[in-house]
Every structure is written in structure tokens, then in C-alpha cells.
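The next block holds one structure in the form of C-alpha cells; read it before the comments.
The values are calculated or read from the model by the stated rules, or taken from the named source; none is laboratory data. Keep in mind it's a predicted model, so treat the numbers as computed, not measured. Cβ placement follows ideal geometry from the backbone for every residue including glycine, while neighbour counts extend to all protein chains displayed. When the accessible area is computed, the model is the full protein with side chains, heavy atoms only, and any ligands, DNA or RNA have been set aside. Shrake-Rupley method; radii C 1.70, N 1.55, O 1.52, S 1.80 Å.
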Amino acid sequence: MCGIVGYIGKRDAVPVLLKGLKTLEYRGYDSAGIAVLSGGKLSLRKRQGKLSVLDASLRSDPLQGLLGIGHTRWATHGLPNEKNAHPHLDCSGKISVVHNGIVENFGTLKTQLIQQGHTFRSQTDTEVISHLIECYDEGDLVQAVRRALKEIEGTYAIVVLHKNHPDQILGARKGSPLVVGVGGGEQFLASDVLAFFTYTKKVLYLDDGEIVTLRKNRIAIQNFRGKPVHRNFHRIEWNVSLAEKGGFPHYMLKEIHEQPQAIHRTLAGRLEEEKLSLSFEKKLSSSLLKRIRRVIFFSCGTAWHASLIGKYLFERVAQLPSEVDISSEFRYRHPIVAKDTLAIPISQSGETADTLASLREAKEKGAKVLSICNVVGSTIARESDTVLYTHAGPEIAVPSTKAYTSQLTALYLLSVYLGRLRGALGAKEERAYLKELASLPRRLEEVIKDRHIQEVARECGKRYHTAANFLFLGRGVNFPSALEGALKLKELSYIHAEGYGAGEMKHGPIALINEKLPVVCIAPRSETYDKMASNIQEVRARRGIILSVATKGDPAIAKYSDHVFYIPEVSELFSPILVVVPLQLLAYHLAIESGCNVDQPRNLAKSVTVE
Ligand code: F6R
């Protein structure tokens, strides 16, 4: 939710800021703005709409400076218009602030500030920050920011530029991400390393409650009490091509195609020659993990679907009783969490506010926390006792694809590891699982390159993009696949879609079926194949349009289906990782046919850092 950037150095700041914002547009894209400082003058430019609007304005009427800040917005307080776009100034116009997060007590603060004579230009919560800094501005910017932040309740990452301090930019965080990029004679600040990793791969992750001062050749971090903090650098391992479209028309399509490499990276070093070697940091030793009696997964959206599949895996493979919560529900149901519980938050970004809050709740109640995250150094990763990184590489399209399949891969690894540790898996069974796991990148590649699947997806896109509704049905471990197929479809194409356990069909959704309703039936070979086949016939009998996902060589399903996506033979537990590909492609082509922006669907943001 909102992307922020800051730059100080030897380059013209505007192109650096715009390039950074472009990579952060996935975090919000309803308005954008920048402020730069040059020759004692603070210049501001803001525009409603996508970053391209701001870009065009800066091309026709350029701004210059060697330091500046920028913002791309996902509106929380105030309409997405130019006035509410960041940066926000104080009354004097000397202080400019960009912010990601929510100032929860902004109403009270704003009233007080207005009573003190401050004039507000926007309806945003952020503007109180600039005015508060102004209140405490006595020449020491760090001190002024620190005193201002003391008054703020809520979450934030901010970057501050002050006209009287042309040698520095300031950043601070509490609950929203902020990363420093360390260059030679130049420094960067951003919500995500993506914003600057083409300039430097050396990064510093800030912790909550810290303020950083960036000068061209110096970085100083201190905590909110003013105590200096020493922080070690990290090195980002990605290469630049991971963050480019690489010849694909959309990031989403590129990321769908990247899935075999992504899951290969999840497995790398952990599963070599069908041998599993997983180990976790001290806080979660194997003897501690052995004593775990219960698992709670929590996550949001697509990651929640991965968690649902995790429950099937953990109960079946590791014989560990498991439950799954949507992160936004977990805390509010006052969960009972025993000390022998393992909490597993799953999050691509590692910054999702509800998942982070659930992690804190679970930890406070005594659970051990093992998170599955993609973004290295993210808050969820850092606050967990240990983390299993998926290493899927940067996921830029808002709809999650490769992050999901790599989350599933991490869950396969973990379930086999725990199964072995707990003595729930015999050596033969373990070998069979690992063999299948090791073959997944190759099989996924086979599905992705399958021309027939691509053609069916394209054809269905053409035929059904005007449908008002879709129904997705699946059973067992592919019930969550049905939920994921429906989610992908609605977020991408804005077509209403429901995912159901096929057994539930007769308990309500069957009433929806008529000759206009496409029903996606997930029916690879499985324990419940016959039941699924009966459900397909029931849909057929009511003249529904049937799009099936079936195992290659299954002639029966085709008889009752209008279209079939054939996936290779795979055992049931591993099938979700292959099944999801046709569902991703279907959603993609339906959206393309409707002219939707697949990489940045309306109203969404990649990283939901507010509740
Ligand atoms: C859907 C999607 C979202 C995310 C959800 C969780 O395609 O991308 O539903 O899965 O917002 O995000 P993370 O995994 O970053 O916690």
C-alpha cells in the first residue's frame, strides 16, 4: 500500500525517483508525486492517476536536484486526487513528507494543529506528519522528526526532505517497510529493494522504531530514543533480468512462465539428488520441532490458499494436526495457542499487516514461529523465530503466481521434513515423496510449455470473457485450487467467480447453473476422482458450460466437458502445483480479452500493509 522512495547523491534525482516509483507501482497506482531540492529551492510535482501522468508532466516541464523523495499512492484517507497525492508539505513549504501506512490518531492531531494555526491542504492523514515536524523544527531535523513521531499512533514508513537541510534526507519506520540502498557517493531509501537494485545491491534493513539519516557519503541510524544503532549490510543476489518483462507483454505472463525456475530455487540446497537437508536456526532446533503437537497457518488471499493446501500436507505427510486461519480473523477469534504450537505465517511480501499482527499474537501466546516468505529481510521474516525463504525472485505483477507455487513447494519440503522428524514417514514413503518433489520443476515446465493448454486458455478467454459469473469446483487438496482459480479470475478480469468444494455444490451453488455459467471442474486423478466425475455430469445435466482440468489420457472427462486442460500424471498431493497453471492462464486470457490491466488490476495493491 503506497510506495515511497528517496535519493541523495551525484545523479539527477528525478529519473532515479521515477524509475524507483515505476517498480513500486505495484504497491499503489492512483496518484504519484515527487519533491526535489536544488539551489535552496524545494520543488514539488504531483499528479492524479498512474505514474505515467507524472512522468509526462516532468518531461514537458522538468525539475532538477541531486536529492529528492517520491511516492506512488493507494488511497486510504482522502480521494485519489492531486491534492491528496504525496509529498505533503508543512505550512512554511520547507518540509516535505512521503508516507506509507496509516496515522490512526490523525483526527485528533489535525484538530489540535488547526487550533494552533496550521493550515491543511489535503484530506490525508499524512499531512499531520509534516505539520508536526514543523512544530518541533528548531534546526535539528532528526530531533524534530523524532519528537513528531512520538505523537503518532499507527503505522508508517516516511521519508522527509527539508529545504534547510540540503545535505540529507531522513527516513523512519514503524510497521511499514523501509530499506536503505548503499551506493558509492549516493544513497537510496525505498519501500522495497526493487526500487534501487539496478544501482546497488548493498542494502540495510531498518527495524521498527528507527530513524535513518542519509548523506551522500554517510548513513546514520538511531532509534526513537536517540541511541545510535549499528546495522550490518546485506547483499541482494537477484540479477536485473528478474525485474524486467524479458520480452513478455506482461509481468504476470512472465511470472507464470518463471514458475519452474522459481520452484527450482525454492528446492535448491534443500533437496539435492532426492535427499532432503533442511535445518533451521537455533531458536527452532530439530528437537524443538519434534515436540510440536499442532500447527496453525495464517495468511491472506493467495497465500491463504497455499496454507489450506499446507493443512492437507501436514496432516497427511507429517501427521500433525493443523488448522488454517485468514490472518484478519485469527486475532479476533481469541485463539487458544498452546506452547507446543508451531505458527506458520505465509506471505510473499512479508509485510502484510494482518499476517504480521497474527504472528505477533501467536508469539505472545507462546507459539514458535516459522514463516514462509519470499522477500528476504521483510518484517514477517525478521520477526519469526526462523524463516523458510521461497527465493521465487521479485514478483511484480499484483496477481500472485510464482510466489504461490513456490509457497506450495516450501510446504512440500517442510511436510516431508517434519514427517521424517516425527517418525510419521517410513523411508520408502519419504523417498517416493522426495522423488516426486524433485521432478516438479520439470513437470511444471511441461505444463507451462504445453501448446494445447495455452490454446484452450486463449480460446476460453475469447469465448467467455463476457460471462457474468464463473464457478470453480474442486475436491480434497484441489478444493483450495478452486478457491485460487476463482480469486485469480475475479481480481484480473472483474468477473464474479466463486470457488467451492464440489461436494458443497448440491447445498446451494447448483442453483446458479444454467447454459450461461462456465463451471471450471478440477478433476485430475485422485481419491475423489469418481465423485468429481459425477459432479461434472450433474453440471452437464443442468446445461452448464464445463471447462475441466484432467489428467492426460483420461478420455472420460472429455465426453462431458466443453473444454479440457490436460495436465501430466501426478500424485494427488502434488497436483495443485500443476493444476493452478491452466487456472492462471485462463484468468489471464479472460482479462486480456476484456482489456483489463493484468499487472495492476483496479483497486488492488501488491502489499497490503494496512488492516
Ligand atoms: C492475489 C494476491 C493476494 C496476496 C495477499 C497476500 O493474487 O496476490 O491475495 O496473496 O495479499 O499477500 P502476501 O503473500 O504478500 O502476504
Using a 1.4 angstrom probe and counting only protein chains, how large is the accessible area of residue 248 in Å², to 10?
60 Å²
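Counting only protein chains, not ligands or nucleic acids, how are 23, 111 ordered by accessible area (probe 1.4 Å), most first? Show your work: numbers first, answer last.
Numbers: 23 40, 111 75 Å².
Highest to lowest solvent-accessible surface, that is 111, 23.
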Roughly how many Å is it from the Cα centre of the range 35-63 to that of the range 322-342, as a whole number?
46 Å
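Once Rh is set to the Kirkwood radius over Cα pairs, what Stokes-Einstein translational diffusion coefficient, in µm²/s, holds for the range 37-89 at a temperature of 10 °C and a viscosity of 1.306 mPa s?
Numbers: Rh = 12.1 Å.
Answer from the Stokes-Einstein relation: 132 µm²/s.
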Write down Rg/Rh for the range 450-593, rounded to two decimals, with Rg from the C-alpha atoms and Rh from the Kirkwood relation over Cα pairs.
0.92
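Given +1 on the Cβ of Lys and Arg, -1 on the Cβ of Asp and Glu, and no further charges, what dipole in debye does the range 3-236 carry about its Cα centre, rounded to the nearest 20?
Numbers: 31 positive and 22 negative charges, 142 e Å.
For the range 3-236, the charge dipole is close to 680 debye.
Quick one: grab the alpha carbon gyration tensor of the range 148-189, order the square roots of its eigenvalues as a ≥ b ≥ c, and give me rounded if a/c is under 1.5, else prolate or oblate depending on whether a/b is larger than b/c. Provide the component values of the computation, followed by the final result.
Values: a/c = 4.30, a/b = 1.44, b/c = 2.99.
Oblate shape, in that a/c is at least 1.5 and b/c is the bigger or equal ratio.
Give me the tail of P(r) for the chain as a percent: Cα-Cα pairs with distance above 38 Å. List each step's numbers first, then the result.
On the way: 64846 of 186355 pairs.
Cα-Cα pairs of the chain separated by over 38 Å account for 35 percent.
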Using a probe of 1.4 angstrom, how much of the accessible area of the chain is carbon and sulfur, in percent?
50 percent
On a 0 to 90° scale, report how tilted helix 479-493 is relative to the longest principal axis of the chain, with both axes built from alpha carbons and the result rounded to the nearest 10.
50 degrees
Charge dipole (debye, nearest 20) of the chain; +1 at Cβ of Lys and Arg, -1 at Cβ of Asp and Glu:
740 debye
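Taking only protein heavy atoms and a 1.4 Å probe, what accessible area per residue, in Å², does the chain have with all protein chains in place? All intermediate terms of the calculation are to be shown ahead of the outcome.
Details: 23240 Å² over 611 residues.
Solvent-accessible surface per residue comes out at 38 Å².
Lys and Arg at +1, Asp and Glu at -1: add these up for the other residues within a Cβ distance under 15 Å of residue 570 and post the number.
Numbers: positive: 435, 442, 443, 525, 552; negative: 436, 445, 446, 450, 527, 554, 569, 572.
For residues surrounding residue 570, the net value is -3.
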Taking the Cβ of residue 294 as the center, what net charge do the other residues with Cβ under 10 Å away carry, scoring Lys and Arg +1 and Asp and Glu -1?
-1
Between the range 274-317 and the range 179-255, what is the C-alpha centre distance in whole Å?
30 Å
Need one value: the accessible area of residue 233 in square angstrom, 1.4 angstrom probe, rounded to the nearest 10.
110 Å²
If Lys and Arg each add +1 and Asp and Glu each add -1, what is the summed charge of the other residues whose beta carbon sits under 14 Å from the beta carbon of residue 590?
+2
Hey, if you put +1 on the Cβ of every Lys and Arg and -1 on every Asp and Glu Cβ in the range 450-593, which of 514, 502, 460 ends up farthest toward the positive end of that dipole?
514
Positive-end extreme of charge dipole, the chain - chosen from 367, 211, 252 (charges on Cβ)
211
Determine how large the accessible area of residue 561 is when every protein chain is in place; take a 1.4 Å probe and give Å² rounded to the nearest 10.
20 Å²
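Using Cα pairs under 8 angstrom and six or more residues apart, how large is the relative contact order of the chain, in percent? Write out the running numbers ahead of the final one.
Details: 1403 pairs, mean separation 70.5, N = 611.
With pairs under 8 Å counted, the relative contact order is 12 percent.
Magnitude of the Cβ-charge dipole of the range 242-444, K/R +1 and D/E -1, about the Cα centre, nearest 20 debye? If you can, show how the numbers build up before the last one.
On the way: 29 positive and 22 negative charges, 133 e Å.
Computed charge dipole of the range 242-444: roughly 640 debye.
Using only the Cα atoms of the range 372-424, build the gyration tensor, take square roots of its eigenvalues as a ≥ b ≥ c, and label the shape rounded, prolate or oblate: rounded if a/c is under 1.5, else prolate if a/b is larger than b/c, else oblate. Let's see the in-between values first.
Working: a/c = 3.63, a/b = 1.55, b/c = 2.34.
It is oblate, given that a/c is not under 1.5 and a/b is not larger than b/c.
Using helices alone, what [θ] at 222 nm do you get for the chain, with -39,500 (n - 2.57) per DSSP H run of 4 or more residues, divided over all residues and rounded to the nearest 500?
On the way: 20 runs with 219 residues, N = 611.
The helix-only estimate for the chain comes to -11000 deg cm²/dmol at 222 nm.
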Taking Cα atoms, the helix 301-317 axis meets the longest principal axis of the chain at an angle in degrees (rounded to 10) of 50 degrees
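Past 21 Å, Cα to Cα, is the threshold; run 19/41; 254/449; 506/531; 150/227; 174/368 against it and keep the listed order. Walk me through the numbers on the way to the answer.
On the way: 19/41 23 Å; 254/449 12 Å; 506/531 13 Å; 150/227 15 Å; 174/368 23 Å.
In this structure, 19/41; 174/368 lie more than 21 Å apart at Cα.
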The range 242-444, relative contact order [Cα under 8 Å, separation at least 6], %
29 percent
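Pull out a ≥ b ≥ c, the square roots of the eigenvalues of the alpha-carbon gyration tensor of the range 566-611, then state rounded if a/c is under 1.5, prolate if not and a/b is larger than b/c, and oblate in the remaining case.
Since a/c reaches 1.5 but b/c is at least a/b, the shape of the range 566-611 is classed as oblate.
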Placing +1 on the Cβ of each Lys and Arg and -1 on the Cβ of each Asp and Glu in the chain, which of 112, 603, 317 has its Cα farthest towards the positive end of the resulting dipole?
317
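Which order, highest average first, do 591-601, 383-393 follow once you tally other Cβ atoms within 10 Å for each residue and take the mean per peptide? Could the numbers behind the result be given before it?
Values: 591-601: 18.6, 383-393: 22.4.
My ranking of the peptides, most packed first, is 383-393, 591-601.
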